Amino acid sequence: MIRQAEPGSPAPLGRVVATELKPATPHQFHFWTANETTIGIGAIVKVEGPGVGDQGPGRVVYGVVTDGFAYSDLATPLHDVVAAEGDPARAAESPSVRQEIRLWTAAVLRQQPEEPLQPVPLGAVYVASDADVAQALRMDAYVTGAQPSGIPVGLYTAAGLEAPVYLDADFLLGPEAAHLNISGVSGLATKTSAVEFLLASIFEHFPAHKGRVAALCFNVKGPDLCFLDRPGALDDADRRRYERLGITPQPFERVRYYAPFKADGVNLNTLRTHPDLVGDVEPLVWGLSEVLDFAEVLLNRDDIDAKADAFIDFLSDRVLNKEFDDGFGGSHRVQTFADLNGLFRAIFDGLELSGRSDMWRTHHIATIRKVRNRLSNISTRCKGLVTDDGPSSDLPWGRFEDRTVYVVDVANVDPLGQDLVFARAVSKLREHLERRDLGVEAVVVFVDELNKYAPGDGPETYVRKMLLDISERGRYLGLVLFAAEQFRSQVHRRVVGNAGTTLFGRMDADELATPGYHVLSPAVKIKLATLPIGELMVRHPHFTQPIFVRFPRPAVLRGRDGVERFPPAADLPFEEAVVRQLARLDRRIRPNQVKDLIAERRPDDVRRALAAVRRTRPDDALAYFRRMLGARVAPATAPAREAVPPLNPISEEPY
């Protein structure tokens with residue numbers, strides 16, 4: 001909440017000065033203060049021109065300090081050396097103390113009235129109050145009113161003041177502008193912590209008239225996002241900041257975790273495997289139906305040609321989940337990778353027996369073999385995420401819940417699998433948001449390590465093309481990208497350029513020397529290079545200049561603290577892992593009952609039956625599991641998909 005200024009006239013801290021060499025302009029001015037002052041780089045000040053007060057409205061100018069200077073009446077440093085006779089100790093014995101001046105440069109944030117735009121008047125300079133900060137940053141336009149849309153991002157803490165700073169939800173989450181990008185050095189910029197705090201702020205302050213909101217977070221490194229539902233340690237200063245921002249300091253109430261299996265198909269590939277926590281993690285397993293549409297993600301650049309594309313499209317449209325005649329007297333219904341491999345064997349055998357070894361249904365045998373090899377490689381490299389034969393387990397498309405965080409843990413997954421998970425998840429979000437049947441009106445997608453997924457150079461990839469599509473058109477759908485990286489200058493310009501809001505943590509000096517930061521003054525760059533943990537520089541469409549804010553520590557358990565408090569459990573033997581998964585579904589199940597059932601059974605049959613139980617969730621899980629073990633579990637038939645405008649094709653081929 002913004003506090004109104006208390007009655008009474010505050011004392012000025014300085015005055016605007018203008019000379020021929022340092023004039024006051026409509027966008028910049030200079031002012032002097034006493035040597036001992038409370039302001040510094042990043043402080044917001046207010047200038048009152050002649051006529052303000054009883055004499056009339058006058059002109060009021062708000063500015064942010066961008067540079068500072070200190071000098072005396074010395075013409076050259078040599079004069080001071082001669083006066084002290086070359087001995088620094090004797091300088092203190094000087095009969096008079098030289099006069100020192102503190103001169104500051106400020107960039108204009110706002111002028112009132114805004115027209116006509118004029119140079120800053122030579123008036124008194126005051127420290128900004130809460131109300132002044134709101135006016136300077138134009139927050140009065142969206143924090144108050146019939147439909148306020150302010151999202152707290154932190155506290156402006158300069159000059160002994162703690163004033164809340166708000167972002168406009170229409171420019172953070174769409175439709176006017178959208179997306180957030182955060183940069184900073186690893187470990188010191190608190191990028192993940194800032195996103196966790198901002199998500200909590202969004203969930204509590206998301207405007208009611210904008211509907212429902214959820215978040216999909218990809219955990220791509222270590223345990224960063226594995227404990228969002230567990231409370232973290234907060235000190236009194238953090239609690240005071242939360243109260244000042246109007247946010248309840250508590251972990252996320254609704255978090256859903258998803259992780260693929262390891263290669264054994266029963267132990268989850270995540271660091272959230274402590275016995276007290278692993279029950280909340282749902283498996284993420286995909287089959288042929290889910291993977292084939294994203295073959296471009298899995299194929300090399302050299303593999304993507306018109307012939308391979310045509311054959312993959314043929315498999316998707318004419319073969320998958322349909323009764324198909326291979327042309328040699330065999331009938332196939334392809335639903336899994338195992339079924340597809342059977343079709344390929346039938347084609348190769350039929351061509352060899354018939355003496356036609358080069359073409360099958362207008363597709364060359366070399367193209368078929370290449371596609372077969374690449375698709376077979378998927379289930380090998382991504383084993384645990386991609387199943388050869390069995391039901392899939394997916395995110396709850398169409399049933400996303402309001403104010404819920406969905407975490408997909410792919411930190412220990414092969415990079416190829418990470419690309420597949422990201423591409424398919426975001427594509428499904430886009431499809432459902434276009435049809436308005438996802439369950440929420442807006443989704444925040446958090447992606448870390450943007451330098452990897454959307455580099456400024458290197459070959460074009462499906463994932464980078466998808467990120468470009470989100471950044472350029474996602475705001476109209478409610479698909480919002482929150483991305484973090486270490487080196488903003490090395491991320492694709494269109495991805496960072498379309499981010500309506502940008503946050504900067506502590507920056508590397510080499511990064512600050514790149515051309516993208518030339519608009520910042522040397523003093524601001526120095527402050528960025530030395531920012532303490534928990535402080536950020538914010539750029540937002542309503543702010544004409546970057547502003548420094550401090551945010552409280554997230555009220556969730558940090559990843560490395562969570563691993564110490566809830567150490568990951570060792571992988572269980574196959575039988576024990578099956579027992580644990582069934583017992584999670586039905587507490588009445590006894591371990592010996594399950595072990596007797598799966599004794600001398602093929603592991604693949606057990607995995608298929610277990611997947612069927614997870615998918616169906618029957619009242620009597622053990623009885624259903626026993627019944628499924630007695631027969632081959634049919635994979636789930638993929639539902640018919642409505643037509644959705646595709647992304648721009650990666651290939652430059654016109655066919």
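The values are calculated or read from the model by the stated rules, or taken from the named source; none is laboratory data. Please read all numbers here as calculations on a predicted model, not as lab measurements. In this analysis, Cβ positions are derived from the backbone assuming ideal geometry, glycine residues included, and neighbour counts consider all displayed protein chains. Heavy atoms of the whole protein, side chains included, go into the accessibility calculation; ligands, DNA and RNA do not. Shrake-Rupley method; radii C 1.70, N 1.55, O 1.52, S 1.80 Å.
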>> I need the full set of residues from the range 326-383 which are closer than 15 Å to residue 308 by Cα and among the aliphatic types (A, V, I, L, M), in order please.
In response: 359, 365, 366, 368, 371, 375
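Residue-by-condition table, conditions (1) crowded, with 16+ Cβ neighbours inside 10 Å; (2) over 30 Å from residue 219 (Cα atoms); (3) touching a residue at least 12 places away in the same chain (Cβ under 8 Å):
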{"residue": "283", "(1), (2), (3)": "yes, no, yes"}
{"residue": "287", "(1), (2), (3)": "yes, no, yes"}
{"residue": "290", "(1), (2), (3)": "yes, no, yes"}
{"residue": "313", "(1), (2), (3)": "no, yes, no"}
{"residue": "330", "(1), (2), (3)": "no, yes, yes"}
{"residue": "353", "(1), (2), (3)": "no, yes, yes"}
{"residue": "367", "(1), (2), (3)": "yes, yes, yes"}
>> Go through the range 610-627 and report how many residues are open to solvent by less than 80 Å² (accessible area, probe 1.4 Å), in contact (Cβ under 8 Å) with a residue 40 or more places away in the chain and of a type outside the set (A, V, I, L, M, F, W, C).
In response: 1
> Out of all the residues in the range 32-49, which are under 9 Å from residue 14 (Cβ atoms), of a type in the set (Val, Ile, Thr), over 35 Å from the mean Cα position of the chain (by Cα) and in a loop (DSSP other than H, G, I, E, B)?
Replying inline: 37
> Taking the stated definitions as given, is residue 155 under 23 Å from the mean Cα position of the chain (by Cα) and in contact (Cβ under 8 Å) with a residue 12 or more places away in the chain?
Replying inline: yes
>> Regarding the range 494-511, can at least one residue be identified that is closer than 30 Å to residue 436 by Cα, among the charged types (D, E, K, R) and in contact (Cβ under 8 Å) with a residue 24 or more places away in the chain?
In response: yes
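Is it the case that the range 417-438 has a residue that's outside any helix (DSSP H, G or I), in contact with a helix residue (DSSP H, G or I) (Cβ under 7 Å, 6 or more places away or on another chain) and over 15 Å from residue 467 (Cβ atoms)? Spell out the reasoning first.
Restricting attention to the range 417-438, the residues satisfying the condition of being outside any helix (DSSP H, G or I) are 436-438.
If we keep only those that are in contact with a helix residue (DSSP H, G or I) (Cβ under 7 Å, 6 or more places away or on another chain) too, we end up with 438.
If we keep only those that are over 15 Å from residue 467 (Cβ atoms) as well, we get 438.
Yes, the range 417-438 has at least one match.
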> Looking at 320, 277, 315, which one is outside the structural domain of residue 580 (by TED's automatic domain parsing), of a type in the set (A, V, I, L, M), more than 24 Å from residue 423 (Cα to Cα) and modelled with pLDDT of 85 or more?
Replying inline: 277
> Can you name the residue in the range 159-212 that is part of a strand (DSSP E or B) and more than 13 Å from the chain's Cα centre (by Cα) and is also farthest from residue 40 (Cα to Cα) among such residues?
Replying inline: 168
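If I ask for residues that are of a type in the set (Val, Ile, Thr) and either touching a strand residue (DSSP E or B) at 6+ places or on another chain (Cβ under 8 Å) or free of Cβ contacts under 8 Å to residues at least 40 places away in the same chain (or both), which ones from the range 400-437 would you list?
If the condition is that a residue be of a type in the set (Val, Ile, Thr) and either touching a strand residue (DSSP E or B) at 6+ places or on another chain (Cβ under 8 Å) or free of Cβ contacts under 8 Å to residues at least 40 places away in the same chain (or both), then 404, 405, 407, 408, 410, 421, 426 are the ones that fit.
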> Which pairs have Cβ atoms under 7 Å, sit 6 or more apart or on different chains, and link a residue in the range 552-567 that is at pLDDT below 90 to one that is aromatic (Phe, Trp, Tyr)?
Replying inline: 559/227
> Which members of the range 441-454 meet the condition of being in a loop (DSSP other than H, G, I, E, B) and crowded, with 22+ Cβ neighbours inside 10 Å?
Replying inline: 448, 454
>> Tally up the residues in the range 323-370 that are in a strand (DSSP E or B) and more than 45 Å from the chain's Cα centre (by Cα), please.
In response: 4
> In the range 503-520, what residues are outside any helix (DSSP H, G or I) and surrounded by fewer than 16 Cβ atoms within 10 Å (Cβ to Cβ)?
Replying inline: 513, 514, 518, 519
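Answer with yes or no whether residue 311 is in contact with a Ser or Thr (Cβ under 9 Å, 6 or more places away or on another chain), more than 30 Å from residue 267 (Cβ to Cβ) and not in a helix (DSSP H, G or I).
So residue 311 does not fit the description; no.
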>> For a quick check of your reading of the model, give me the residue pairs whose first member lies in the range 443-457 and is in contact (Cβ under 8 Å) with a residue 12 or more places away in the chain, whose second is hydrophobic (A, V, I, L, M, F, W, C) and not in a strand (DSSP E or B), with beta-carbon atoms closer than 6 Å and at least 6 apart or on different chains.
In response: 443/429; 446/195; 448/220; 449/220; 451/487; 453/463; 454/467; 454/495
